[in-house]
Amino acid sequence: MLLLEFAIIGVFAGYLAGFLGIGGGFVVVPALTYLFLQNPETAPWAIHMAVATSLCTMLVTSLSSIIAHQRRKAIRWTLVRSLAAGLMAGAVLGAAVADVLNGDTLIRVFGMFAILAGLQLILGRQPDGEKPLPGQPAVSAVGVVIGGVSSLIGIGGGALTSPWQLWHGIRAQNAVATSAACGYPIAIAGTVAFVVFGLGSELPKGAMGYVHVPAFLGIALTSALAAPLGAATVHRLPPKLVKRLFGGFLVLVGVRMLSGF
């Protein structure tokens with residue numbers, strides 16, 4: 001039954017990763033946190049394992065989404081390369097911060113970001129006018145911030161990377177595609193960091209560091225199959241309605257996490 005639940009989480013996460021470029025973490029983290037809290041063996045590390053496992057699943061989800069977007073030549077690889085080093089450095093920093101936070105605090109941090117991301121999707125606000133992309137030092141600094149926040153709460157970075165690109169006049173489809181590609185360096189660095197930081201803890205059977213391997217396998221398989229469907233949808237339909245519906249979902253999830261599961 002648990003494996004089936006992991007698979008269902010993967011379907012939703014993969015589709016949203018391809019459709020919105022958000023990496024699926026806003027589905028995976030709260031869902032896994034809830035499931036892990038139900039088991040006394042995983043409950044003490046529920047949110048840490050959920051965040052780490054979410055990042056690990058993105059090694060598969062992001063790759064599948066990247067391939068689908070690349071077929072449409074929608075990824076701006078120059079921008080991905082400019083951001084990559086900062087994203088990876090930030091991901092390690094975010095994992096280090098998450099490691100020292102207690103579970104309740106990390107749950108509330110995730111809840112706060114879920115509400116903010118949800119409101120952004122609902123309101124769809126963008127600044128007036130377009131700003132040119134900054135130079136490499138500023139782009140690297142942006143990468144560190146995005147990577148740090150993303151690794152801290154287990155998301156692919158699209159919730160931050162996509163709006164940042166839109167503010168600089170990049171077309172929505174290209175912003176989503178490029179965000180999907182930017183999620184990969186975050187996933188690599190964040191996963192390795194969470195594995196290393198979790199090695200000293202007495203984690204339950206099936207865990208590799210903070211990564212819960214059975215959950216990773218169940219989610220990764222179905223998310224990889226669903227991500228291309230989401231990527232195909234974003235190139236055919238205006239995503240405003242889905243963004244607002246998902247935004248409302250995120251606000252509800254965030255409020256629930258802030259009030260405690």
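The values are calculated or read from the model by the stated rules, or taken from the named source; none is laboratory data. Source: prediction; values computed, not measured. Glycine also receives a Cβ, built like all others from the backbone with ideal geometry; neighbour counts cover every protein chain displayed. Protein only, heavy atoms only, side chains kept; ligands, DNA and RNA dropped before computing areas. Shrake-Rupley method; radii C 1.70, N 1.55, O 1.52, S 1.80 Å.
Summary table below
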read-out: Cβ-Cβ under 8 Å pairs, at least 6 apart or on other chains, segment 76-104 side among the hydroxyl-bearing types (Ser, Thr, Tyr), far side at pLDDT below 95 and open to solvent by 50 Å² or more (accessible area, probe 1.4 Å); value: SER82/GLN136
read-out: Single match in ILE186, ILE155 (criterion: out of contact with any Phe, Trp or Tyr (no Cβ under 7 Å at 6 or more places or on another chain), hydrophobic (A, V, I, L, M, F, W, C), closer than 25 Å to ARG108 by Cα and open to solvent by less than 10 Å² (accessible area, probe 1.4 Å)); value: ILE186
read-out: Residue within segment 118-132 that is open to solvent by 70 Å² or more (accessible area, probe 1.4 Å), closer than 14 Å to ALA189 by Cα, in contact (Cβ under 8 Å) with a residue 24 or more places away in the chain and not in a loop (DSSP other than H, G, I, E, B) present; value: no
read-out: Selected residue [surrounded by fewer than 23 Cβ atoms within 10 Å (Cβ to Cβ), more than 21 Å from TRP77 (Cβ to Cβ) and modelled with pLDDT under 90] from GLY198, GLY247, GLY169, GLY218; value: GLY247
read-out: Count - residues of segment 166-208 that are in contact with a Ser or Thr (Cβ under 8 Å, 6 or more places away or on another chain) and in a loop (DSSP other than H, G, I, E, B); value: 2
read-out: Count - residues of segment 31-85 that are assigned to a helix (DSSP H, G or I), more than 19 Å from the chain's Cα centre (by Cα), small (Gly, Ala, Ser) and farther than 15 Å from ALA207 by Cβ; value: 1
read-out: Pick from segment 153-162, criterion part of a helix (DSSP H, G or I) and modelled with pLDDT of 80 or more, ranking: farthest from GLY124 (Cα to Cα); value: ILE153
